[in-house]
Amino acid sequence: MSAFQLRRLEARDAERYRALRLDGLLRHPEAFGASHEDEAKQPPEWFANRLAMAAIFGGFDAAGTLVGVAGLSIPNAIKSKHKGILWGMYVVEAARASGLARRLVEAVIDEARGKVEQLQLTVVASNAPALRLYSKLGFVGYGLEKRALCVDGQYFDETLMALSLD
Ligand SMILES: CC(C)(COP(=O)(O)OP(=O)(O)OC[C@H]1O[C@@H](n2cnc3c(N)ncnc32)[C@H](O)[C@@H]1OP(=O)(O)O)[C@@H](O)C(=O)NCCC(=O)NCCS
(Lines give C-alpha, C1' and ligand atoms only; values in the text may rest on other atoms or scores of the structure.)
Protein backbone atom coordinates (compact mmCIF):
# COMPACT_ATOMS: atom_id res chain seq x y z
CA MET A 1 0.00 0.00 0.00
CA SER A 2 1.18 3.51 -0.78
CA ALA A 3 2.59 5.47 2.13
CA PHE A 4 0.61 8.51 1.02
CA GLN A 5 -3.00 9.49 1.47
CA LEU A 6 -4.58 11.78 -1.11
CA ARG A 7 -7.59 14.02 -0.72
CA ARG A 8 -8.94 17.29 -1.96
CA LEU A 9 -7.81 20.17 0.24
CA GLU A 10 -10.42 22.26 2.01
CA ALA A 11 -10.53 25.64 3.73
CA ARG A 12 -9.26 24.06 6.97
CA ASP A 13 -6.02 23.15 5.10
CA ALA A 14 -5.24 26.76 4.20
CA GLU A 15 -2.32 27.16 6.64
CA ARG A 16 -0.52 23.99 5.60
CA TYR A 17 -1.26 24.58 1.93
CA ARG A 18 0.18 28.07 2.27
CA ALA A 19 3.35 26.69 3.89
CA LEU A 20 3.88 24.05 1.20
CA ARG A 21 3.10 26.40 -1.66
CA LEU A 22 5.54 29.03 -0.36
CA ASP A 23 8.19 26.35 0.15
CA GLY A 24 7.82 25.29 -3.50
CA LEU A 25 7.93 28.86 -4.79
CA LEU A 26 11.03 29.59 -2.73
CA ARG A 27 12.96 26.45 -3.68
CA HIS A 28 11.97 26.35 -7.36
CA PRO A 29 11.38 29.92 -8.56
CA GLU A 30 11.86 28.85 -12.18
CA ALA A 31 9.21 26.10 -11.99
CA PHE A 32 6.19 28.32 -11.36
CA GLY A 33 4.60 31.31 -13.02
CA ALA A 34 3.82 32.76 -9.59
CA SER A 35 6.50 34.17 -7.32
CA HIS A 36 7.27 33.66 -3.64
CA GLU A 37 7.54 37.41 -3.26
CA ASP A 38 3.91 37.93 -4.32
CA GLU A 39 2.29 35.03 -2.50
CA ALA A 40 4.21 35.39 0.79
CA LYS A 41 2.32 38.65 1.29
CA GLN A 42 -1.02 36.86 1.20
CA PRO A 43 -2.85 35.84 4.39
CA PRO A 44 -4.27 32.35 5.05
CA GLU A 45 -7.74 33.59 3.92
CA TRP A 46 -6.35 34.20 0.45
CA PHE A 47 -5.16 30.59 0.29
CA ALA A 48 -8.48 29.37 1.71
CA ASN A 49 -10.22 31.24 -1.10
CA ARG A 50 -7.95 29.61 -3.63
CA LEU A 51 -8.82 26.19 -2.19
CA ALA A 52 -12.48 27.06 -2.70
CA MET A 53 -12.00 28.32 -6.28
CA ALA A 54 -9.87 25.45 -7.56
CA ALA A 55 -9.77 21.71 -6.91
CA ILE A 56 -6.42 21.28 -5.21
CA PHE A 57 -5.36 17.78 -4.24
CA GLY A 58 -2.93 17.12 -1.45
CA GLY A 59 -0.76 14.11 -0.61
CA PHE A 60 -0.10 13.41 3.07
CA ASP A 61 2.72 11.23 4.37
CA ALA A 62 2.36 8.64 7.14
CA ALA A 63 2.82 11.35 9.78
CA GLY A 64 -0.06 13.36 8.27
CA THR A 65 2.19 16.06 6.84
CA LEU A 66 1.17 17.64 3.54
CA VAL A 67 4.03 16.78 1.15
CA GLY A 68 2.60 17.30 -2.32
CA VAL A 69 -0.06 19.25 -4.21
CA ALA A 70 -1.55 19.64 -7.67
CA GLY A 71 -4.42 21.88 -8.73
CA LEU A 72 -7.17 22.00 -11.32
CA SER A 73 -8.75 25.27 -12.38
CA ILE A 74 -11.69 25.52 -14.75
CA PRO A 75 -12.40 28.97 -16.18
CA ASN A 76 -15.88 30.45 -15.80
CA ALA A 77 -15.71 32.19 -19.18
CA ILE A 78 -18.17 30.67 -21.64
CA LYS A 79 -15.63 30.38 -24.45
CA SER A 80 -12.92 28.67 -22.44
CA LYS A 81 -14.71 26.64 -19.80
CA HIS A 82 -14.17 23.46 -21.85
CA LYS A 83 -10.45 23.63 -21.01
CA GLY A 84 -9.10 22.82 -17.57
CA ILE A 85 -5.70 23.90 -16.31
CA LEU A 86 -3.39 21.75 -14.26
CA TRP A 87 -1.16 23.99 -12.17
CA GLY A 88 0.77 24.30 -8.90
CA MET A 89 2.32 20.84 -9.04
CA TYR A 90 4.82 20.39 -6.23
CA VAL A 91 6.19 17.45 -4.26
CA VAL A 92 8.77 17.97 -1.51
CA GLU A 93 12.13 16.39 -2.20
CA ALA A 94 11.75 13.68 0.46
CA ALA A 95 8.56 12.42 -1.22
CA ARG A 96 9.86 12.35 -4.80
CA ALA A 97 10.43 9.23 -6.90
CA SER A 98 7.67 7.61 -4.86
CA GLY A 99 4.70 7.63 -7.23
CA LEU A 100 3.05 10.46 -5.32
CA ALA A 101 3.51 12.98 -8.14
CA ARG A 102 1.86 10.59 -10.56
CA ARG A 103 -1.08 10.00 -8.20
CA LEU A 104 -1.59 13.73 -7.79
CA VAL A 105 -1.73 14.26 -11.56
CA GLU A 106 -4.09 11.28 -11.86
CA ALA A 107 -6.36 12.84 -9.21
CA VAL A 108 -6.49 16.06 -11.26
CA ILE A 109 -7.24 14.10 -14.45
CA ASP A 110 -10.05 12.17 -12.70
CA GLU A 111 -11.54 15.39 -11.37
CA ALA A 112 -11.36 17.02 -14.81
CA ARG A 113 -12.96 14.10 -16.68
CA GLY A 114 -16.56 14.83 -17.53
CA LYS A 115 -16.12 18.51 -16.63
CA VAL A 116 -13.79 19.64 -19.41
CA GLU A 117 -12.74 18.36 -22.83
CA GLN A 118 -9.04 18.86 -22.35
CA LEU A 119 -6.46 19.63 -19.72
CA GLN A 120 -3.66 22.06 -20.38
CA LEU A 121 -0.48 22.93 -18.53
CA THR A 122 2.76 24.79 -19.00
CA VAL A 123 6.11 23.49 -17.89
CA VAL A 124 9.56 25.00 -18.10
CA ALA A 125 11.18 23.34 -21.08
CA SER A 126 14.26 22.25 -19.09
CA ASN A 127 12.22 20.61 -16.27
CA ALA A 128 12.96 16.99 -17.27
CA PRO A 129 11.21 15.19 -14.35
CA ALA A 130 7.99 17.19 -14.81
CA LEU A 131 8.01 16.76 -18.60
CA ARG A 132 8.55 13.05 -18.21
CA LEU A 133 5.79 12.73 -15.61
CA TYR A 134 3.24 14.57 -17.76
CA SER A 135 4.25 12.71 -20.94
CA LYS A 136 3.83 9.35 -19.24
CA LEU A 137 0.30 10.34 -18.28
CA GLY A 138 -0.60 11.22 -21.86
CA PHE A 139 0.05 14.96 -22.08
CA VAL A 140 1.39 16.00 -25.47
CA GLY A 141 3.46 19.09 -26.19
CA TYR A 142 1.82 21.48 -28.65
CA GLY A 143 3.97 24.55 -28.45
CA LEU A 144 6.88 26.40 -26.96
CA GLU A 145 6.71 29.87 -25.50
CA LYS A 146 10.12 31.44 -25.72
CA ARG A 147 11.17 33.52 -22.73
CA ALA A 148 7.89 32.72 -20.92
CA LEU A 149 9.32 33.49 -17.48
CA CYS A 150 11.91 35.96 -16.33
CA VAL A 151 13.41 35.03 -12.96
CA ASP A 152 15.94 37.52 -11.64
CA GLY A 153 16.95 38.47 -15.16
CA GLN A 154 17.19 34.88 -16.42
CA TYR A 155 14.71 33.76 -19.08
CA PHE A 156 13.01 30.37 -19.23
CA ASP A 157 11.10 28.88 -22.16
CA GLU A 158 7.91 26.98 -21.42
CA THR A 159 6.48 23.93 -23.16
CA LEU A 160 2.69 23.98 -23.58
CA MET A 161 1.11 20.56 -23.07
CA ALA A 162 -2.43 19.22 -23.38
CA LEU A 163 -4.29 16.03 -22.63
CA SER A 164 -7.50 15.31 -24.53
CA LEU A 165 -10.22 13.88 -22.30
CA ASP A 166 -12.71 13.15 -25.09
C1 LIG B 1 7.81 17.80 -10.90
C2 LIG B 1 7.72 16.92 -9.65
C3 LIG B 1 6.34 17.08 -9.03
C4 LIG B 1 7.92 15.48 -10.11
O5 LIG B 1 7.84 14.67 -8.97
P6 LIG B 1 8.88 13.47 -8.78
O7 LIG B 1 8.51 12.73 -7.56
O8 LIG B 1 10.24 14.06 -8.88
O9 LIG B 1 8.53 12.57 -10.01
P10 LIG B 1 9.18 11.20 -10.34
O11 LIG B 1 10.29 10.84 -9.40
O12 LIG B 1 8.05 10.24 -10.48
O13 LIG B 1 9.86 11.51 -11.70
C14 LIG B 1 9.07 11.67 -12.83
C15 LIG B 1 9.83 11.03 -13.99
O16 LIG B 1 10.97 11.84 -14.33
C17 LIG B 1 12.15 11.05 -14.28
N18 LIG B 1 13.21 11.92 -13.80
C19 LIG B 1 13.47 12.30 -12.53
N20 LIG B 1 14.54 13.13 -12.50
C21 LIG B 1 14.93 13.27 -13.80
C22 LIG B 1 15.97 14.00 -14.44
N23 LIG B 1 16.79 14.77 -13.74
N24 LIG B 1 16.08 13.90 -15.79
C25 LIG B 1 15.24 13.14 -16.51
N26 LIG B 1 14.23 12.44 -15.97
C27 LIG B 1 14.09 12.50 -14.64
C28 LIG B 1 11.83 9.93 -13.33
O29 LIG B 1 12.65 8.80 -13.58
C30 LIG B 1 10.38 9.66 -13.65
O31 LIG B 1 10.23 8.88 -14.82
P32 LIG B 1 9.92 7.33 -14.69
O33 LIG B 1 8.58 7.24 -14.03
O34 LIG B 1 9.95 6.88 -16.09
O35 LIG B 1 11.01 6.75 -13.83
C36 LIG B 1 8.80 17.28 -8.61
O37 LIG B 1 10.06 17.02 -9.16
C38 LIG B 1 8.72 18.71 -8.11
O39 LIG B 1 7.90 19.03 -7.27
N40 LIG B 1 9.58 19.58 -8.67
C41 LIG B 1 9.64 20.98 -8.27
C42 LIG B 1 8.42 21.78 -8.72
C43 LIG B 1 8.09 21.55 -10.16
O44 LIG B 1 8.96 21.46 -11.01
N45 LIG B 1 6.78 21.48 -10.45
C46 LIG B 1 6.27 21.28 -11.79
C47 LIG B 1 5.81 22.57 -12.34
S48 LIG B 1 5.18 22.35 -14.01
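The values are calculated or read from the model by the stated rules, or taken from the named source; none is laboratory data. In this text the structure is predicted, and so the values were computed from the model without any measurement. Don't worry about glycine lacking a Cβ; one is built from the backbone with ideal geometry, like all the others, and counts go over all protein chains shown. Each accessible area value is taken on the protein alone, full model and side chains, heavy atoms only, with ligands, DNA and RNA left out. Shrake-Rupley method; radii C 1.70, N 1.55, O 1.52, S 1.80 Å.
Tabulated values for the structure
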{"read-out": "Probe 1.4 Å - accessible area at Val91, Å² to nearest ten", "value": "10 Å²"}
{"read-out": "For region 33-42, 3J(HN,Hα) per residue [Karplus equation, 6.51 cos²θ - 1.76 cosθ + 1.60, θ = phi - 60°, Hz, x = Gly/Pro]", "value": "x, 7, 10, 4, 3, 6, 7, 5, 7, 7"}
{"read-out": "Partner lysines for Lys79 [C-alpha distance under 23 Å; skip if fewer than 8 residues away on the same chain]", "value": "Lys115"}
{"read-out": "Nearest-10 value in Å² for the accessible area of Phe57, using the 1.4 Å probe", "value": "20 Å²"}
{"read-out": "Over the chain - Rg/Rh using Cα atoms and the Kirkwood inverse-distance radius", "value": "0.94"}
{"read-out": "Among Gly84, His28, Ala70 - extreme Cα towards positive end, dipole of the chain, charges at beta-carbon", "value": "Gly84"}
{"read-out": "Mean accessible surface per residue for region 1-129, computed with a 1.4 Å probe while every protein chain stays in place, in Å²", "value": "53 Å²"}
{"read-out": "Accessible area of the chain belonging to carbon and sulfur atoms, whole % at 1.4 Å probe", "value": "52 percent"}
{"read-out": "Per residue convex hull volume, Cα atoms of region 1-58, in Å³", "value": "97 Å³"}
